[in-house]
Amino acid sequence: MDASDWNARYLAQPDVWGTTPAARIVAEVTNAEDHGLTVGTAIDLACGDGRHARWLAAHGWDVTAVDFSEVAIEQARDKDSDEGRSGHVDWVVGDATTWSPAEQVDLVVIGFLHLELDALTRVISEAGRWLRPGGHLVYLGHAPENLARGVGGPQDPTVLPTVADLARGAADLEVVSLRHDLRPAGQATAVDVLLHARNWERR
Ligand SMILES: C[S@@+](CC[C@H](N)C(=O)[O-])C[C@H]1O[C@@H](n2cnc3c(N)ncnc32)[C@H](O)[C@@H]1O
């Protein structure tokens, strides 16, 4: 799907992903913070209408949230407010395959970005280079195993990364966790794939 397809989807179905962040992303970021990741600057890549960026900002992160759908970014801005929180979100229209930040950050979150697999692997690998030493990257997406065993998500296997695809993207990083993740989805269970990796500390 290109940006205009996504624009049409957001116009047809505002709040399409709900307002709560994915529990697995919350768990991975919280766990990293509990084990020494200092709250600082973050990127939410392919942020959609912003549920993860807003959650991060509510927990003190200064977030740059990027999506190539102008409609998603407009909806995200409408839903956002700095009131009562210490973090802030900059909303940016940008293509994940070409955009890059001006400075390195402490955290990159990528939730449910599905591209042709070589492109996705390149995006993850590039996003790893945006991390400061010790910074964390969390990718969560629909697994190909979801087609037979799960529910929802894209039905095109050419955009569903395996654990091995994510491992290729993380080749230059220290892998914290790389595995399937089962997610309750109504009466069913969805099969996601998780990569949590860290930029090597300088020693
Ligand atoms: C399934 S939605 C997930 C949105 C959000 N991460 C979440 O979990 O709520 C996928 C998002 O990826 C965005 N996207 C797809 N390809 C992109 C690209 N090349 N660059 C930037 N965003 C892209 C879409 O516009 C859409 O908002």
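The values are calculated or read from the model by the stated rules, or taken from the named source; none is laboratory data. Since this is a predicted model, take the numbers as computed values, not measurements. We place every Cβ from the backbone using ideal geometry, glycine too, and count neighbours over all the protein chains shown.
In the range 116-139, the residue that is surrounded by the most Cβ atoms within 10 Å (Cβ to Cβ) out of those that are farther than 25 Å from D2 by Cβ and out of contact with any Lys or Arg (no Cβ under 8 Å at 6 or more places or on another chain) is V138. In this structure, does D49 turn out to be within 11 Å of the ligand (Cβ to nearest atom), at negative phi and within 15 Å of the chain's Cα centre (by Cα)? It is true that D49 is within 11 Å of the ligand (Cβ to nearest atom), at negative phi and within 15 Å of the chain's Cα centre (by Cα). Of everything in the range 104-163 that's under 24 Å from W61 (Cβ atoms) and among the basic types (K, R), which residue is farthest from the ligand (Cβ to nearest atom)? Among those that are under 24 Å from W61 (Cβ atoms) and among the basic types (K, R), it is R132.
Filtering the range 162-192 to residues that are buried (at least 22 other Cβ atoms within 10 Å of the Cβ), in contact with a helix residue (DSSP H, G or I) (Cβ under 6 Å, 6 or more places away or on another chain) and closer than 14 Å to H114 by Cα leaves only G169.
In the range 71-86, the residue that is surrounded by the most Cβ atoms within 10 Å (Cβ to Cβ) out of those that are small (G, A, S) and under 18 Å from the mean Cα position of the chain (by Cα) is A72. Pairs are defined by a Cβ separation below 7 Å, a sequence spacing of at least 6 or placement on different chains, a first member in the range 159-174 that is at pLDDT 95 or above, and a second member that is of a type in the set (D, E, K, R); the pairs so defined are V159/E116; V163/R179; L173/R198; E174/R198.
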